[in-house]
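For reference, the structure is listed below as structure tokens.
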Amino acid sequence: MATDRDKDKSQFMVGTCLGMCPYAEVRLRQRERLIHPLEMAVNSNGNQLNYVQPRAMVKEFSRSAAGTEIKASDIRPVPVLVKTMKYLLTTTCEHDLCDFDPYLNKKHLTETLTLVVALFHEQDCQNKDTSFVDSRLFPDCCDEEIWNDSNDDTSESKIVQDARTTEKKFHRRTRKEGGISLRMSGDSCLDQNSSTGVTNSLRELSLANNSGGFADSEISSFSVPTGRTKECENKVISGYTFREEAEALYLLVNFGNEEVLMHAFQLQKKIRCSRLVSVAIKMNIAWLSCNYYRVLCLSSILPPLFLCAFHPHLTMIQRKALSILSIAHNSKGLVYKQEDLAAVLCFPSVQELNDACRHYGFTVLGGGIIFNKAAFNWNISMMKPLRVKWIEDKLAKMELSDLLLPNDLSL
């Protein structure tokens, strides 16, 4: 007698198509002359011939339509999909940068990751192996004012307001305690007293209570990646599962999104406290705590693929950092050394730092930056993302297929 689990398994179709393009589609496109130039045969000299090469054909994207029957012969199993992706990334892959649409790319990436994470969650529910965090540990996490769903602009505005509130409280506290200088050092993070209320309600999670994660004492030894030393390379995270990869990418692509962060707190402990996912969570918490230096420290140990997911947010982090510095180092008679600030904030060079400072309203004088809290322009748009050398150095050592595809198919 079939069990419920056997019935559930029967609902999933296993693909039997062993080619990059289903045979039925090959015949249809040949008949209708819908062949891409890269799917034409070539001779030994690389010159294109006047007939189709079926083995070079790749299944075209098509929207699912109601009433359309899906056959196993039209579905490619995982090994064939990996083979197809390797082919696309190594043989037909070069396009001009003008063909790239950041908005559509971000949209498709977010939708895909959301679907993957949802499927993993569904699998957890089916296996009855979930281990969610008890919401009673986080009474403030259900506060609608803190954890409401919002778009990027709203989130940025909220974070700016949090920063202003935090700085006011900090300055009142420093005056009461006799004055404490808030400064950055090369190997330490910002004063933990500047954390927002969001982090205080989340610290009870204690992600470090798992041997696979990073303890706070270990993370405090990380520094902003101004150079690529062997010591930094040895700390880069490796050896993670598909599930950990998907959850970490979900957190980094949606960096700063409180709803996504709360999703991470509901993961099984073995996933939540893994080295990769725990660092992605800590980076989000540090960002919500206005601790930009800690965010950049943690980014230094991310594998190359995850650095790519994090990089689009770097401009936002730099803008936020400059807004904080405009208050913490507000002075007409002092300057902040350009070389030090460029290294701390991961600007490619001093020139890019100076351009950013002028863009946001600061005075660049000689070899330093003059910070004035009244000068920072809160309304001006963020600058465009810049290439970062230490990230590109990592990517240069890898083939595109090795970066985007797994070495094995084990889950």
Check which residues have an amide H placed less than 5 Å from SER300's amide H, if you skip close sequence neighbours. none
Which distance in nm do the two modelled labels at ALA41 and THR90 give, with both placed 7 Å along the Cα-to-Cβ direction? 2.3
Could you list, in their original order, any pairs among LYS107/LYS337; LYS337/LYS394; LYS106/LYS337; LYS106/LYS332; LYS269/LYS389 whose Cα atoms are separated by more than 32 Å? LYS107/LYS337; LYS106/LYS337; LYS106/LYS332; LYS269/LYS389
Segment 255-411, accessible area per residue, ligands and nucleic acids excluded (1.4 Å, Å²): 41
Apply 1/(1 + (r/R0)^6) to the Cβ-Cβ distance of LEU403 and LYS235, taking R0 = 22 Å, and write down the FRET efficiency to the nearest 0.05. 0.70
Using alpha-carbon pairs under 8 Å, 6+ residues apart, how would you state the relative contact order of segment 245-347 in percent? 26
Mean-position separation - Cα centroids, segment 243-301 and segment 17-57, in angstrom: 43
Share of segment 249-355's accessible area from carbon and sulfur, percent, 1.4 Å? 52
Here the relative contact order (percent) of segment 338-411, from C-alpha pairs under 8 Å and at least 6 apart, is 24
For ASN105 and LEU365, what is the calculated FRET efficiency with R₀ set at 56 Å and r taken between the beta-carbons, to the nearest 0.05? 0.90
Sequence ranges 118-126, 379-387, ranked by mean other-Cβ count within 10 angstrom, highest first: 118-126, 379-387
Using 0.36 nm per residue, how much length does the chain from GLN48 to LEU334 gain when fully extended, once their Cα-Cα distance is taken away? 96.4 nm
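The values are calculated or read from the model by the stated rules, or taken from the named source; none is laboratory data. Here the structure is a predicted model, which is why all the values come from computation and not from measurement. Backbone-built Cβ (ideal geometry, glycine too); neighbour counts: all protein chains shown. Protein only, heavy atoms only, side chains kept; ligands, DNA and RNA dropped before computing areas. Shrake-Rupley method; radii C 1.70, N 1.55, O 1.52, S 1.80 Å.
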